[in-house]
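Student: Take this structure first; my questions come after.
The values are calculated or read from the model by the stated rules, or taken from the named source; none is laboratory data. In this text, all values refer to a predicted model and were calculated from it rather than measured experimentally. Cβ atoms come from the backbone with ideal geometry, glycine included; neighbour counts cover every protein chain shown. Keep in mind that these areas ignore ligands, DNA and RNA; they rest on the heavy atoms of the full protein, side chains included. Shrake-Rupley method; radii C 1.70, N 1.55, O 1.52, S 1.80 Å.
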Amino acid sequence: MQVHVFENAAQVGQAAATLIAAQVLSKPDSVLGLATGSTPIPTYQELSRLCKAGVVDFSRVRSFNLDEYCNLPVDHEQSYHSFMKENLFDHINIDINNTRVPDGNAADPAKEAADYDAAIANAGGIDVQILGIGRNGHIGFNEPGDAFVYGCHIVNLTQSTIEANRRFFESEADVPRQAISLGVGSIINARKILLLATGADKAQAIRDSIYGDINPQTQASILRTHSDVIFLLDKAAASLL
Ligand code: GLP
């Protein structure tokens, strides 16, 4: 495991984008695991810039997102489908048919979850997985709990996550209570993992992930079992290390 600490969030984004660009340059049909949240936005801006500058070609890249809210229309401005279009897909030359975000409105959620894991396996697995981290140490929407869940599944969001996501909705009542998320098993199956964290509100989760027990109460702690994981942190997120 590697930990790199940068001055600020912009540098974290540049470092992550550099690693992803290198991946796509060395394997043009790479399978990327993508994340939402504020943290990867500088990374996506830098990847958009590199694509527009003709440095990176995403035309053969396939992507799978980590998660999506349940019972939120895909075209809702806070859906992760909308987020990905607005922050990345509309700005790079990826074929939208090669991108997939889990369907949080599927009539049969268990089938959607199983199909999602199968689609990743059929694509040959994820080459590079980008992760943010929740203030409670969650990755994707794998909330603190009694176990690590292996496969894609439906999650009941914790009060802490609902409160953290409240800022994106008009009221707390509008924040979805459930999500569909890749399991930690599917996440650690990725060949390389980049975990990005910026800001002091992530410092405790980062400390617990790196120094605490490998424990499902801090879901990101499982990443320490992976042989190729890089934490890219700003000074504030690294302040308790
Ligand atoms: C949500 C997403 C996570 C993300 C987390 C942190 O819960 N499901 O994938 O890592 O938010 O978001 P932010 O980067 O905005 O702090």
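Student: Determine the pairs where a residue that is open to solvent by less than 60 Å² (accessible area, probe 1.4 Å), located within the stretch 141-161, has a partner that is away from the ligand (no atom under 14 Å from the Cβ) and part of a helix (DSSP H, G or I) with Cβ atoms under 6 Å apart, the partner being 6 or more residues away or on another chain.
Tutor: GLY151/ASP117; CYS152/ALA113; CYS152/TYR116; CYS152/ASP117; HIS153/ALA113
Student: Output the residue which, of all residues in the stretch 177-190 that are open to solvent by less than 10 Å² (accessible area, probe 1.4 Å) and not aliphatic (A, V, I, L, M), is farthest from the chain's Cα centre (by Cα).
Tutor: Within the stretch 177-190, the match that is farthest from the chain's Cα centre (by Cα) is GLY185.
Student: Of everything in the stretch 151-162, what is touching a helix residue (DSSP H, G or I) at 6+ places or on another chain (Cβ under 7 Å) and either outside any loop (DSSP other than H, G, I, E, B) or modelled with pLDDT under 95 (or both)? Give them in sequence order. Working first, answer last.
Tutor: As a first pass, look at the stretch 151-162 and keep what is touching a helix residue (DSSP H, G or I) at 6+ places or on another chain (Cβ under 7 Å): 151-154, 162.
Matches in the stretch 151-162: HIS153, ILE154, ILE162.
Student: Among (1) within 16 Å of the ligand (Cβ to nearest atom); (2) exposed (fewer than 14 other Cβ atoms within 10 Å of the Cβ); (3) not aliphatic (A, V, I, L, M), which single condition is ASP228 missing?
Tutor: (1)
Student: Moving to a separate point now. Mind checking which residues of the stretch 61-76 are open to solvent by 10 Å² or more (accessible area, probe 1.4 Å) and either among the acidic types (Asp, Glu) or touching a Cys at 6+ places or on another chain (Cβ under 7 Å) (or both)?
Tutor: Passing the criteria: only ASP75.
Student: Do we have VAL128 as within 13 Å of the ligand (Cβ to nearest atom) and among the hydrophobic types (A, V, I, L, M, F, W, C) here?
Tutor: So VAL128 fails the test.
Student: Being at pLDDT below 95, touching a helix residue (DSSP H, G or I) at 6+ places or on another chain (Cβ under 6 Å) and either surrounded by fewer than 17 Cβ atoms within 10 Å (Cβ to Cβ) or closer than 18 Å to GLY37 by Cα (or both), is that true of even one residue in the stretch 116-132?
Tutor: No, there is no match, as no residue in the stretch 116-132 is at pLDDT below 95, touching a helix residue (DSSP H, G or I) at 6+ places or on another chain (Cβ under 6 Å) and either surrounded by fewer than 17 Cβ atoms within 10 Å (Cβ to Cβ) or closer than 18 Å to GLY37 by Cα (or both).
Student: Of the residues that sit in the stretch 139-153 and are within 15 Å of the ligand (Cβ to nearest atom) and among the aliphatic types (A, V, I, L, M), which one is farthest from the chain's Cα centre (by Cα)?
Tutor: Result: VAL149.
Student: I need the full set of residues from the stretch 183-230 which are among the hydrophobic types (A, V, I, L, M, F, W, C), closer than 23 Å to SER160 by Cα and not in a helix (DSSP H, G or I), in order please. First the steps, then the outcome.
Tutor: From the stretch 183-230, those among the hydrophobic types (A, V, I, L, M, F, W, C) are 184, 187-188, 190, 193-197, 200, 203, 205-206, 210, 214, 220, 222-223, 229-230; that's our starting set.
Then keep just the ones that are closer than 23 Å to SER160 by Cα; that gives 184, 187, 195-197, 200, 203, 205-206, 210, 214, 220, 222-223.
Scanning the stretch 183-230 gives LEU195, LEU196, ALA197, ILE214.
Student: Scan the stretch 109-136 for residues that are part of a loop (DSSP other than H, G, I, E, B) and within 25 Å of SER160 (Cβ to Cβ) and jot them down.
Tutor: Within the stretch 109-136, GLY132, ILE133, GLY134, ARG135, ASN136 qualify.
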